[in-house]
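Colleague: Sharing a structure here in structure tokens format.
The values are calculated or read from the model by the stated rules, or taken from the named source; none is laboratory data. Since this is a predicted model, take the numbers as computed values, not measurements. Note that each Cβ is placed from the backbone with ideal geometry, even for glycine, and that neighbours are counted across all protein chains shown. For the accessible areas, the whole protein counts, side chains as well, though only heavy atoms, and no ligand, DNA or RNA atoms are used. Shrake-Rupley method; radii C 1.70, N 1.55, O 1.52, S 1.80 Å.
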Amino acid sequence: MVIDEHTTPFWLAGNFAPVHAERSDATLRVTGEIPKELSGLYVRNGANPPSGKSMDWFLGCGMLHGVDISDGEPRWYRNRYVRTALLDEEMPSAESRRVLQNSLANTHVIGHAGKILALAEMNLPIEVTRELETVGPYDFGGALNGNMTAHPKVCPMTGELLFFGYSVQPPFLKYYRVSADGQLIQQEEIAVKGPTMMHDFCITGSKVVFMDLPVVFDMAERARGGLGIRHDDVYGARFGVMPRDGVSDDVTWFEIEPCYVYHTLNAYDDGDEVVIEGCRMVGYMAKGMVKPPIPQLYQWRLNLKTGAVTQTQIDDIGIDFPKVPDALVGQQHRFGYFAQFGQAAPTVEGYHKFDLQTGARQSHMLAKGCTGSEASFVPAHNAAGEDDGYLLSYIYDAQEDASHLAILDAANLSDDPIAKIHLPARVPAGFHGSWIAH
Ligand SMILES: [Fe+2]
């Protein structure tokens, strides 16, 4: 691939471009005042091709950017590659990327049962330390021999880690349940119609929900030189609801209007109904698609007694990177936090908070020349309400060619940031991150 400065794709230009130095900086300048109650590691993943070349935004090796905070004081900023054999290839080949231990590990990073795992959806998790150094592929003591989604869910009630892995070959979908202490205690094959590209799923207090949607892998098309992923107009679309300890035969499928959902906001049980909220796109990967459709927030209610499905558009603004507080994953919630993307490229231009009870929206739009990143919610100590807490996100200021970690007041999202932790290097736009409390 020749990178031409006039035709540089968005993921190699501006603040999407990779950085090349791995840094450790202990002295960080702060504007404003970091709340004393903040103690933890904010860490975010993203694609950062070391060669500066990549065929797609999703195909660069993962780099973690972390800020560690203790009692309101920033202790350090570090950025580290997630080290697998793929780092040695200029542009990791499809064959190398398929090796289970060879993850790009660029999509998400989560904490569970004392481990920190960097994730991409085609491979094993890669374990890293709290200082962001790579330990290596993690297979739950040999129990996991398939790939893991980048969007597992940790149940705040039981501490379980629930996830799935999809495949382009049968079995197309597997489901896994890990106990609060990190033991893989269940794995099931789940029957779906075909090789659906399932990026995310959701949990409720008692169930898991699979999204069997019409964006599918087509290896024959890839063999002919195509992308290998396409919208299938006759595949249909459905959500599958299964008890958490269930098997494939226990799944209740609900047909929905065809769409694609990369990211769900949340799901929860509500009497006979399962409520699902997600960023819905229509026509994604359809023939002739020039630009991906803009996702909008929708709610589906699936009635387990009657089989009825209702679908409601919550807001018409284009959003993605949805988040609820970790303590409300799978639980009924009132607020959802999102990023707004630009028209020309997936640059984060600001943040929105939707009140699902009243329909109100609060926004925090970034100044001209500033672009953000996914935000993580951190609850206040002894929080007085669901939105009593902070949103943390990396923001890049093109005028200063510098990045900072912004701390926003989630209850008053439109206000100026409570604090900015100024960073010694640019943090490129990336994917998902987590707050891992001390
Ligand atoms: Fe994602």
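Colleague: Quick check on the range 5-32: of everything there that is assigned to a loop (DSSP other than H, G, I, E, B) and acidic (D, E), which residue is farthest from the chain's Cα centre (by Cα)?
Modeller: The extreme case among them is E5.
Colleague: Regarding the range 300-318, can at least one residue be identified that is under 18 Å from the mean Cα position of the chain (by Cα), surrounded by fewer than 21 Cβ atoms within 10 Å (Cβ to Cβ) and not aliphatic (A, V, I, L, M)?
Modeller: Within the range 300-318, one or more residues are under 18 Å from the mean Cα position of the chain (by Cα), surrounded by fewer than 21 Cβ atoms within 10 Å (Cβ to Cβ) and not aliphatic (A, V, I, L, M).
Colleague: Then there is this: So if I check each of L100, L124, which one is within 28 Å of K174 (Cβ to Cβ) and surrounded by 19 or more Cβ atoms within 10 Å (Cβ to Cβ)?
Modeller: L124
Colleague: Could you count how many residues in the range 211-224 are buried (at least 17 other Cβ atoms within 10 Å of the Cβ), away from the ligand (no atom under 16 Å from the Cβ) and touching a residue at least 24 places away in the same chain (Cβ under 8 Å)?
Modeller: 3
Colleague: Also: Within the range 229-246, track down each residue that is assigned to a loop (DSSP other than H, G, I, E, B) and either under 16 Å from K193 (Cα atoms) or touching a residue at least 60 places away in the same chain (Cβ under 8 Å) (or both).
Modeller: D232, D233, V234, Y235, G236, A237, R244, D245
Colleague: So if I check each of A345, A429, A375, which one is within 16 Å of the ligand (Cβ to nearest atom), in contact with a helix residue (DSSP H, G or I) (Cβ under 8 Å, 6 or more places away or on another chain) and in contact (Cβ under 8 Å) with a residue 24 or more places away in the chain?
Modeller: Result of the check over A345, A429, A375: A429.
Colleague: In this structure, is I34 over 22 Å from H432 (Cβ atoms) and buried (at least 17 other Cβ atoms within 10 Å of the Cβ)?
Modeller: For I34, the condition - over 22 Å from H432 (Cβ atoms) and buried (at least 17 other Cβ atoms within 10 Å of the Cβ) - is met.
Colleague: Something else now. Looking at (1) within 16 Å of the ligand (Cβ to nearest atom); (2) at pLDDT below 95; (3) of a type in the set (A, V, I, L, M), find the lone condition where A94 falls short.
Modeller: Against the list (1) within 16 Å of the ligand (Cβ to nearest atom); (2) at pLDDT below 95; (3) of a type in the set (A, V, I, L, M), A94 comes up short only on (1).
Colleague: Within the range 389-422, restricting attention to residues that are in contact (Cβ under 8 Å) with a residue 40 or more places away in the chain, hydrophobic (A, V, I, L, M, F, W, C) and open to solvent by 20 Å² or more (accessible area, probe 1.4 Å), which residue is nearest to D326 (Cα to Cα)?
Modeller: Applying the filter and picking the extreme gives I418.
Colleague: Can you list residue pairs whose Cβ atoms sit under 9 Å apart, with the first residue in the range 180-195 being farther than 13 Å from G159 by Cα and the second being β-branched (V, I, T) and in a loop (DSSP other than H, G, I, E, B)? Count only pairs 6 or more apart in sequence or on different chains.
Modeller: E188/V247; E189/V247; I190/V247; I190/V251; A191/V251; P195/V168
Colleague: Turning to a different aspect of this structure: Tell me which residues, restricted to the range 145-157, are more than 19 Å from I436 (Cβ to Cβ), more than 16 Å from the ligand (Cβ to nearest atom) and surrounded by 15 or more Cβ atoms within 10 Å (Cβ to Cβ).
Modeller: Within the range 145-157, just G146 meets the criteria.
Colleague: Here's another thing I want to ask about it. Can you work out which of the residues in the range 267-293 that are within 15 Å of the ligand (Cβ to nearest atom) and part of a loop (DSSP other than H, G, I, E, B) is surrounded by the most Cβ atoms within 10 Å (Cβ to Cβ)?
Modeller: Y284
Colleague: If you take the residues of the range 238-266 that are more than 16 Å from the ligand (Cβ to nearest atom) and within 20 Å of the chain's Cα centre (by Cα), which of them is farthest from D326 (Cα to Cα)?
Modeller: C259
Colleague: Restrict the check to the range 354-368 and report whether at least one residue is open to solvent by 30 Å² or more (accessible area, probe 1.4 Å), assigned to a strand (DSSP E or B) and free of Cβ contacts under 8 Å to residues at least 24 places away in the same chain.
Modeller: no
Colleague: Okay, moving on. Scan the range 72-90 and tell me whether some residue there is open to solvent by 20 Å² or more (accessible area, probe 1.4 Å) and within 16 Å of the ligand (Cβ to nearest atom).
Modeller: No - not one qualifying residue is present in the range 72-90.
Colleague: Quick one: A118 ticks every box in (1) in contact (Cβ under 8 Å) with a residue 60 or more places away in the chain; (2) surrounded by 15 or more Cβ atoms within 10 Å (Cβ to Cβ); (3) away from the ligand (no atom under 16 Å from the Cβ) bar one, so which box is it?
Modeller: (3)
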